[in-house]
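Q: Below is a structure I'd like to ask you about.
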There are 2 protein chains.
Amino acid sequence: MSSPKTTIKEIASSLGLSIATVSRALNDSCEIHPETRRRVLAKAQELRYKPNIQARNLLKRRNNMIGIVVPEFITFFFPEIIIGIQEVVNKQGYQALICQSNESSSLERKNVEMLEDSMVEGLIVSVTKDSQNIDLYERLIQERTPIVFVNRVLPQLQADQIVIDDRKWAFKMVEHLIKCGYKQIAHLAGNPDLSVSKERLQGYLDALATYNIPIQEQFIMHVGVQQDRAKSGIDYLMVLKEKPDAIFAVNDPIAIGCILELRKRGLNVPKDIAVAGFSESPIGKIMELTSVSQPTFEIGRIAAERLLKQIENYNTLKETIVLDAKLNIRNSTLPQSKRGH
Amino acid sequence: MSSPKTTIKEIASSLGLSIATVSRALNDSCEIHPETRRRVLAKAQELRYKPNIQARNLLKRRNNMIGIVVPEFITFFFPEIIIGIQEVVNKQGYQALICQSNESSSLERKNVEMLEDSMVEGLIVSVTKDSQNIDLYERLIQERTPIVFVNRVLPQLQADQIVIDDRKWAFKMVEHLIKCGYKQIAHLAGNPDLSVSKERLQGYLDALATYNIPIQEQFIMHVGVQQDRAKSGIDYLMVLKEKPDAIFAVNDPIAIGCILELRKRGLNVPKDIAVAGFSESPIGKIMELTSVSQPTFEIGRIAAERLLKQIENYNTLKETIVLDAKLNIRNSTLPQSKRGH
DNA sequence: TTGTAGGCGTTATCAA
DNA sequence: TTGATAACGCCTACAA
């Protein structure tokens, strides 16, 4: 790091050898005398030699770095994905540069460009809530940059995408609410351009249709994905003449925001109204929130594996990999019959 | 990334110039004809030229990378510190390699060594719960590696350390409990080798002494810092003949673990027993947990600034910077008189 | 104002 | 088995 580094050149001169020989000894090539290898290794240790990977990288035209761009890493979700990624790539000698776009598409763009400048060998991306940078990713793909999208994806792109079946699990969630006896089910949806928002909304609509429940437009509102956006949803729903008896929120933060906001108004979940989330969070768990848990670590691991595969050989078929999830039923969606009304 | 990169050499030949001239144009040196600069820049754009920073780094013997090692980044605390760090270093053209040791000192060591191999220019570290790698950090400091410790520090080292006054704020917390009328205050301490554990325990002892409350050894137990470690503390405290009426936990996760564990036993916080945490977490806030909030982003920013200063000139005086914090009183430590007994 | 040439620390291809 | 040498892409004296 800071202290002047010793190079193979110094080892060579202090041993009266050529740098080529030293290099060979260090890379334990077979074409070297065992005795000289021993001397070189000893000297290297003595001089605390550390190879300069920058030089090596320059020569090999790589740097063993990948970039990760996520909307945020304050809550558990993306951190867990990142850990899954690191597990895989570190083992292969890769380091990850991790950026968060703070849900801003312009910062997302800056991050990607920074990572390009750093010459990372590939990218794993989860896009921001407004999905504004399609042109950027189209360029990267056209330039044959290895790239994998996770969770928040851009289905229109020809790229590896790692997701769960949001539509199916949203369906199951709403189906669960219906079977619990709820009839007026509202949906607080996420940002309309976000893949997961669209899918989950679709799942909600599917379920209502399947169970012959008329769709009520006024029960659907796009609020966003961040907890502080829940208030506007509650504000809206709670002044409808006909109020919902259950809310399916696009994710746990919104669901939690709802519960807190309802609490402020003296309303109890699930006594007065049921609430369901998505992408189970630790807070939600503590609050007894029914939710869908995603295999976060696995998402990360598989994304990393796909990316390494692309780096090795870009000409592999790009695919959307759909992982399994799980519906976890808790108190926030107690069946009507058990709510003690 | 993947597609063959264009180099200054190609720009030079396609323009009939020497690479030196091209280089000068690109780095807008003053000693160049405005017209040739224009031509070069145009050509560079046309050929989508991107400088190879590896080559540049090799030449300048730096790589504009720093390393960050934290015990975990699943909860909000370290992520916020990391964001603070990135804010500062990104602005200066640095990238951060972020590693988490998962509270394992051997992984911490591996991480640091990986970062050394990556030739980062400096490190920002928060050590794992058992603080086992002092020898490692002594070596780094002896080799004059720029390094800054945050939050979980090693006071015995001659290095920049960014902290809050854990002892003082623990004192204030316990003082608050005393003033609320609590008399049997237990402390669930963190791992005994951890700087923050020691300081907070000391603050607890200080407060009892100041208010002439006899210290009861059986009210102090080292449980650790992770939520699942709280159970053992409650198990222990709840079988004492004389039970505590308040618990000061080393941090929010332990406090939250306590509340959940107490809840399981049908005990209510604060009705039956008060609980206080430390390093305010979002979950704690929702659970109305009294806690001390730390200026996480600021910790990160200041750590980054100190590190950059060290990188610029290692011979600056190393110091311990103590930032301010805040005691946030909530329902979990309601005054005895208001608990409605 | 521009070109030539040397070097950053390695690896790899030749000869020796 | 070893040594000289040419890259890798860029910057920067120095010379022209």
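Q: Could you compute the net charge surrounding A:Arg62? Neighbours are other residues with a C-beta less than 13 Å from the C-beta of A:Arg62; K and R count +1, D and E count -1.
A: Result for the local shell: +2.
Q: Now for a different question. Counting pairs of alpha carbon atoms under 8 Å apart in space and at least six apart in sequence, what relative contact order in percent does region B:97-243 give?
A: Normalised by residue count, the contact order of region B:97-243 is 18 percent.
Q: Let me ask you something else. Hey, what number do you get for chain B at 222 nm if only DSSP H runs of n ≥ 4 count, each worth -39500 (n - 2.57), divided across all residues, to the nearest 500?
A: -13000 deg cm²/dmol
Q: For A:94-104, what's the mean count of beta carbons from other chains sitting within 10 Å of each residue's beta carbon?
A: 3
Q: State whether the protein assembly as shown is rounded, prolate or oblate according to the following rule on the C-alpha gyration tensor (a ≥ b ≥ c being the square roots of its eigenvalues): a/c under 1.5 gives rounded; otherwise a/b larger than b/c gives prolate, and the remaining case gives oblate.
A: Oblate shape, in that a/c is at least 1.5 and b/c is the bigger or equal ratio.
Q: Separate question: What is the list of residues in region A:266-285 whose amide nitrogen lies under 20 Å from a point 7 angstrom out from the Cα of A:Asp235, following Cα to Cβ?
A: A:266-267
Q: What does the copy distance list look like for B:Asp135, label position 7 Å along Cα→Cβ, in nm and ordered from shortest?
A: Those separations, rounded to one decimal, come out as 5.7 nm.
Q: With a point put 7 Å past each Cα toward its Cβ, work out how far A:Lys183 is from B:Ser18 in nm, to one decimal.
A: If labels sit at A:Lys183 and B:Ser18, their model points lie 8.8 nm apart.
Q: Any idea what the B:Leu41 label distances to the other copies are, label 7 Å down the Cα→Cβ vector, nm, shortest first?
A: Inter-copy label distances (nm, one decimal, shortest first): 5.5.
Q: Ok, one more. Is the C-alpha gyration tensor of region A:147-267 telling us rounded, prolate or oblate? Criteria: a/c under 1.5 is rounded; beyond that, a/b larger than b/c is prolate, otherwise oblate.
A: Note, shape of region A:147-267 comes out oblate.
Q: I've got another one for you. Translational D (Stokes-Einstein, µm²/s) of region B:1-149 at 20 °C and 1.002 mPa s when Rh comes from the Kirkwood sum over C-alpha pairs?
A: 118 µm²/s
Q: Then there is this: Quick check for region A:218-341: number of Lys pairs with alpha-carbon distance under 30 Å, counting only pairs 8 or more apart or on different chains?
A: 26
Q: Out of the DSSP beta bridges found with both residues in chain A, what percent are antiparallel (nearest 5)?
A: Expressed as a percentage, antiparallel bridges in chain A total about 10.
Q: Using Cα atoms only, what is the angle between the long axis of helix B:252-264 and the major principal axis of chain B, expressed in degrees (0 to 90) to the nearest 10?
A: Relative to chain B, helix B:252-264 is tipped by roughly 40 degrees.
Q: With the radius of gyration and the Kirkwood radius both derived from the Cα set of chain B, what is their ratio Rg to Rh?
A: 1.16
Q: Please report the relative contact order for chain A, taking Cα pairs under 8 Å with a sequence separation of at least 6, and give it as a percent rounded to a whole number.
A: 17 percent
Q: May I ask you to derive the relative contact order of region B:4-59, considering only C-alpha pairs under 8 Å and at least 6 residues apart, and to give it as an integer percent?
A: Reported as a whole number, the value is 40 percent.
Q: Separate question: Give the calculated FRET efficiency between A:Thr320 and B:Ile215 to the nearest 0.05, with a Förster radius of 60 Å applied to their Cβ-Cβ distance.
A: Taking R0 as 60 Å, the efficiency between A:Thr320 and B:Ile215 is 0.45.
Q: Compute the helix-to-body angle for A:166-179: its Cα long axis versus the longest principal axis of chain A, expressed 0 to 90° and rounded to tens.
A: The answer is roughly 30 degrees.
Q: Taking 7 Å along the Cα-to-C-beta vector as the label spot, tell me the A:Leu47-A:Ser106 distance in nanometres, rounded to one decimal.
A: Here the modelled spin labels are 5.1 nm apart.
Q: Same structure, new question: Using a/c under 1.5 as the rounded threshold, could you call region A:4-59 rounded, prolate or oblate? The axes a ≥ b ≥ c are square roots of the C-alpha gyration tensor eigenvalues, and prolate needs a/b larger than b/c, oblate otherwise.
A: oblate
Q: Shortest first, in nm, what separates the label point of A:Tyr236 from those of the same position in the other copies (7 Å along Cα→Cβ)?
A: 5.1
Q: Under a 10 Å cutoff between Cα atoms, tell me which one of B:Pro214, B:Pro244, B:Pro270 has the largest fluctuation in the Gaussian network model of chain B.
A: B:Pro214
Q: What does DSSP give for region B:174-325 in terms of the percent of beta bridges that are antiparallel, rounded to the nearest 5?
A: 0 percent
Q: To continue, here is another question. Compute the long axis of helix B:77-91 from its Cα atoms, compare it with the longest principal axis of the Cα atoms of chain B, and write down the angle in degrees, 0 to 90, nearest 10.
A: Its long axis makes an angle of about 20 degrees.
Values in this text are rule-based calculations from the coordinates and carry no lab data. On a predicted model such as this, the values are computed, not experimentally measured, just so you know. All Cβ positions, even for glycine, are placed from backbone atoms using ideal geometry, and neighbour counts span all protein chains on display.
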